[in-house]
Amino acid sequence: AFNFSAGPATLPVPVLERAAAEMLDWHGSGIGVMEMSHRGREFGEIFERCEARLRELLAVPANYKVLFMQGGALAENAILPLNLSRGGVVDHVLTGSWSKKSAKEAARYCDARVAASNELDTAPHHRSLPVPASWRLSPGASYVHLCSNETIDGLEFHEVPDLRALGSDAPLVIDCSSHLASRPIDWSRVAVAYGGAQKNIGPAGLTLVFVREDLLGHALAACPSAFDYSVVAANGSMYNTPPTWAIYVAGLVFDWLAEQGGVEAIERRNIEKAALLYAAIDGSGGFYRNPVDLGCRSRMNVPFFAHDERLHAPFVESAAARGLVQLKGHKSVGGLRASIYNAMPLEGVQALVSHMQEFAASHG
Ligand code: PLP
């Protein structure tokens with residue numbers, strides 16, 4: 001089946017096959033990765049290779065720590081202000097469901113302000129991203145937070161804003177859960193990036209955090225030690241037991257990504273896949289529509305709606321019958337949604353487009 005789930009999401013087939021083949025016996029060690037001590041030599045090798053590959057793929061500068069954490073992006077919504085807010089002011093840019101959740105959570109720990117919002121877009125759909133020049137940034141904010149790809153609403157910042165050009169020297173923090181490793185990250189603009197692994201990276205349970213070193217060491221006293229970035233960094237992400245299996249599979253995904261030509265190559269493929277799908281929606285003569293402005297459409301998550309909402313259930317059912325699964329839209333917005341992460345091959349999108357056309361022809 002081609003799996004269009006928003007997450008946990010499809011993984012590359014060769015990765016699944018390799019993980020299955022090594023399940024009982026990793027490289028002749030006589031045990032599987034799930035059974036290994038995280039402090040042993042074997043897992044040490046797996047971990048080091050995984051981190052090195054990730055750094056290479058995303059060109060992570062030497063002055064950034066990569067932390068392998070747990071709790072998902074929602075836990076990071078709390079862990080971040082606990083580590084970086086210093087209990088002061090932070091700015092949030094609201095662009096959809098996930099960024100709103102981040103701001104609400106941060107407000108429990110600091111003075112979380114709304115620097116910009118697209119809430120006035122026609123409900124229930126967010127259509128656009130607030131133009132950076134219009135953001136009301138607070139002087140002296142500990143950081144500015146945005147969600148660089150809104151998974152539910154299907155909006156993506158195709159370019160991460162440059163806060164310096166807006167007259168701010170606050171660190172920019174991005175929740176990049178749903179497009180992490182789908183395109184390069186401009187580290188000259190991003191101080192902290194975080195995301196759950198369960199979309200482009202591997203199994204749920206692993207959260208990746210990239211943090212510029214100069215920001216470490218200011219956690220609030222209430223911050224749990226296991227979530228204190230400087231403690232996690234000082235212990236090489238092994239202050240407590242890391243999600244070993246998820247890290248191992250992530251490493252296999254990174255090897256696969258390198259074989260595909262790396263992040264730039266996968267980005268080109270992602271652009272091609274997204275263009276094909278949006279063209280099918282826009283070219284359907286109004287049978288399908290996507291409400292997002294052209295310049296903000298996500299390359300990863302494509303929500304779309306049939307002209308009559310009664311068609312959504314039969315669409316999902318008939319698609320599943322031909323192996324195109326998990327196309328139901330998020331419950332908060334309804335409709336349909338195709339998530340086309342790195343591991344979705346072009347053929348999957350082509351099959352979806354054929355189904356959309358046939359469905360429209362038979363229900364037009
Ligand atoms: N942020 C974004 C952009 C997401 O897409 C998701 C999950 O879909 C989350 C946060 C929540 O992540 P988690 O379930 O890993 O806490």
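The rows are residues; the columns are (1) surrounded by fewer than 18 Cβ atoms within 10 Å (Cβ to Cβ); (2) under 24 Å from ARG189 (Cα atoms); (3) out of contact with any Gly (no Cβ under 6 Å at 6 or more places or on another chain).
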{"residue": "ALA52", "(1), (2), (3)": "yes, yes, yes"}
{"residue": "GLY71", "(1), (2), (3)": "yes, no, yes"}
{"residue": "ALA75", "(1), (2), (3)": "yes, yes, yes"}
{"residue": "ALA103", "(1), (2), (3)": "no, yes, yes"}
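What pairs come up if the first residue lies in segment 52-79 and is free of Cβ contacts under 8 Å to residues at least 24 places away in the same chain, the second is among the β-branched types (Val, Ile, Thr), and their beta carbons are under 7 Å apart, counting only those six or more places apart or on different chains?
From residues that are free of Cβ contacts under 8 Å to residues at least 24 places away in the same chain, the pairs are ARG55/VAL66.
Among the residues of segment 80-89, is any within 16 Å of the ligand (Cβ to nearest atom) and surrounded by fewer than 20 Cβ atoms within 10 Å (Cβ to Cβ)?
Taking segment 80-89 as the starting set, the residues that turn out to be within 16 Å of the ligand (Cβ to nearest atom) are 80-82.
Next, from what is left, pick out any that are surrounded by fewer than 20 Cβ atoms within 10 Å (Cβ to Cβ): none.
Within segment 80-89, none of the residues are within 16 Å of the ligand (Cβ to nearest atom) and surrounded by fewer than 20 Cβ atoms within 10 Å (Cβ to Cβ).
Looking at segment 61-78 only, could you name the residues that are hydrophobic (A, V, I, L, M, F, W, C) and either in contact with a strand residue (DSSP E or B) (Cβ under 6 Å, 6 or more places away or on another chain) or in a strand (DSSP E or B) (or both)? Break it down into steps so the answer makes sense when it comes.
First, the residues of segment 61-78 that are hydrophobic (A, V, I, L, M, F, W, C): 62, 66-69, 73-75, 78.
Listed by number, the residues that qualify are VAL66, LEU67, PHE68, MET69, ALA73.
Going by what's in this entry, would LEU172 be described as surrounded by 18 or more Cβ atoms within 10 Å (Cβ to Cβ), under 20 Å from GLU45 (Cβ atoms) and away from the ligand (no atom under 14 Å from the Cβ)?
no
Within segment 90-101, restricting attention to residues that are in contact with a strand residue (DSSP E or B) (Cβ under 6 Å, 6 or more places away or on another chain) and of a type outside the set (D, E, K, R), which residue is surrounded by the fewest Cβ atoms within 10 Å (Cβ to Cβ)?
So in segment 90-101, the residues in contact with a strand residue (DSSP E or B) (Cβ under 6 Å, 6 or more places away or on another chain) come out as 90-96, 98-100.
Cutting the leftovers down to of a type outside the set (D, E, K, R) gives us 90, 92-96, 98-99.
Values: VAL90: 28, HIS92: 25, VAL93: 26, LEU94: 24, THR95: 27, GLY96: 24, TRP98: 20, SER99: 25.
So, considering only residues that are in contact with a strand residue (DSSP E or B) (Cβ under 6 Å, 6 or more places away or on another chain) and of a type outside the set (D, E, K, R), the one surrounded by the fewest Cβ atoms within 10 Å (Cβ to Cβ) is TRP98.
Quick one: which residue in HIS355, HIS330 is in contact (Cβ under 8 Å) with a residue 12 or more places away in the chain, in a loop (DSSP other than H, G, I, E, B) and under 28 Å from TRP256 (Cβ atoms)?
On the way: HIS355 fails: in a loop (DSSP other than H, G, I, E, B).
It is HIS330.
No value in this document is a laboratory result; all are computed from the given coordinates. Nothing here was measured: the structure is a model prediction, and the numbers come from that model. All Cβ positions, even for glycine, are placed from backbone atoms using ideal geometry, and neighbour counts span all protein chains on display.
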